[in-house]
Amino acid sequence: MIKWNARVAKAEGDFRQYKHVSIRNNAELIALYEAEPFEQYESNRIFMILWWRQFKFLCWKLPNLFWQQLFDYYGGILSYAIQFIPVFVIGTYNNLPANDLGRIISNNAFIYMYLINSFTRITDLALSIGEMAGILQRVAELIQVCQHMENNLSGDDDFLVESKFNQNSTKECSLYDIYNITYSLPNCISSQQLLNGFSFSISRDAKIWITGCSGSGKTSLIRVISQLWHPKNGHIRCGAKRGQILRLTRTPYFPCHHLSLFQQINFPATGISNSLEATENDYALISNILRELQLDWLIDRCEGLFNPVEFDWHNTLTPSEQQRLAFVRILYQRPELVILDEATDSISTDIEEKIYELLISNDIGFITISHHQVLIKFHNVEIHLDGSGGCIIRTINSSSIPAATVTSK
C-alpha cells in the first residue's frame, strides 16, 4: 500500500501541479498553436494514469478501511448488544438490588456515549460532502459563464470569423480577408485605438514585414487575426483549415510530460507517436532538417526520435535551440503560412537567414514581426504601424521575392 500511495502522489503531481500549471501558464501559446486537441489528449492520458493508480491503491486500501470503519461505527452497537442479552434476555441481573442496577445503567449510558461518538463520524462525512458540493457549485457556475460567453459571441454581428473548417468559405487564393477592423488593448480605459479601419488580404505566398515602435500594436494585430482578441468593429474571414497556419512567438511552447523528440516536432498533431507508425521518409526528413539547423545532436541526446524523455525542454535547451527546434516543426509540417512574432531574436544571423531561405524554398508564406533589419530582404511588403490607429503599406523592392501579396481594401 505504501508503494501505491507514492505512485498516486506522483501521478497527482503530474496531473494537477505539472500539466494543469503548464496549460494555465501557456494558455495563449497553446491557442496560437491551435493545440487544444493535443492538450486535451495529453490531459486525458495523464488523467487515466492517475485514475488507474487511484483504483489500484484503493484495492489495497479497502480491506484496511473496512475493518477500521467496522469497529468505528459498529463497535458501540456491539457493546450495547452484549449488554442487552444478560439484562433483558437471560435475566442475569433480575435479583440485583437497585444500587447495583443503577451502576449497570450508568455503564449502559457510557455505551450510548460511545455510540454517539461513532455516529458523530457520520456527521463529519456529511460536512465533507457539503464541501464537495460547494466545489461542484463553483464548477457549475464556471460552465454557466462559459455558455453565456459562447452565446454572446455567436450572436454578435459586429465581428464575424468564419470557421477554419469551412473549405468553401473564402476565395481559394486568400488565407485571410480582413475588413475594416479597429482594435485597442482589451479592458483599457484609454480610448486610443492601436489600429483604426484597417483592411487587407493575405495570400498563401505572403511575405509580409510588420514594423512599428514598441507598443504600436504589432503583436496585438496577430492576436486579433488569430481570434484571441475581439476587435471593436470589423470582421475577419479565414480560408485556412486547422494546421495550415502556424504561429511562433519569442518563447516557443513545448508541452511537458514524457514526450519524444518526434512528438515535439509533430506538435500539435496527436497522430503519429511511435516508430511503428512513422516512415523512413519521416526519419530522413527530420534528420535533414535538424542537421540544417545544427540540432542533429538532439537525436543522440533524446536517445532517438521516438524515445520519451524525462527532462523539461524549456529548462534543458537554450533560447536559441528552442527557437530553432520550433522552426523544425514548421519545416517538417510545411503549413501554408507561418506567423513569426520575434521568433528568431535569439538565433544567430547566419542561421536566421538560412531559416528564411528554407521557408522560401519550401513554398511557406510568412508574416514577420522583427527588429532585425537583415531579414527585410526576404519580404516584399511592409506594414508600418504608428500606434495611433494609422498604418503605412509599402512594397519592398527585391528581385528574389515575388510581387506584393497584401492588398489594401
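Listing for the model above:
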item: Pairs where the first residue, in the range 329-343, is assigned by TED's automatic domain parsing to the domain that holds THR251 and on the phi > 0 side of the Ramachandran plot and the second is at pLDDT 90 or above and assigned to a helix (DSSP H, G or I), C-beta under 9 Å, 6+ apart; result: none
item: Candidate set from the range 169-198 (those that are in a loop (DSSP other than H, G, I, E, B) and among the charged types (D, E, K, R)); member that is modelled with the lowest pLDDT; result: LYS171
item: Hits in the range 19-40 - residues which are closer than 25 Å to GLN54 by Cα and either touching a strand residue (DSSP E or B) at 6+ places or on another chain (Cβ under 6 Å) or crowded, with 16+ Cβ neighbours inside 10 Å (or both); result: LYS19, SER22, ILE23, PHE38, GLU39
item: Filter result (at pLDDT 85 or above, in a loop (DSSP other than H, G, I, E, B) and under 19 Å from the mean Cα position of the chain (by Cα)) within the range 230-254; result: THR249, ARG250, THR251, PRO252, TYR253, PHE254
item: Single match in LEU337, LEU359, LEU325, LEU305 (criterion: crowded, with 19+ Cβ neighbours inside 10 Å and at pLDDT below 90); result: LEU305
item: Test for LEU32: is it more than 30 Å from SER220 (Cα to Cα), of a type outside the set (Gly, Ala, Ser), at pLDDT 70 or above and part of a helix (DSSP H, G or I); result: no
item: So ILE347, is it in contact (Cβ under 8 Å) with a residue 24 or more places away in the chain and either polar (S, T, N, Q) or crowded, with 18+ Cβ neighbours inside 10 Å (or both); result: yes
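The values are calculated or read from the model by the stated rules, or taken from the named source; none is laboratory data. Predicted, not measured: the structure shown is a model, and the values here were computed from it. Every residue, glycine among them, receives a Cβ derived from its backbone with ideal geometry; neighbour counts consider all protein chains shown.
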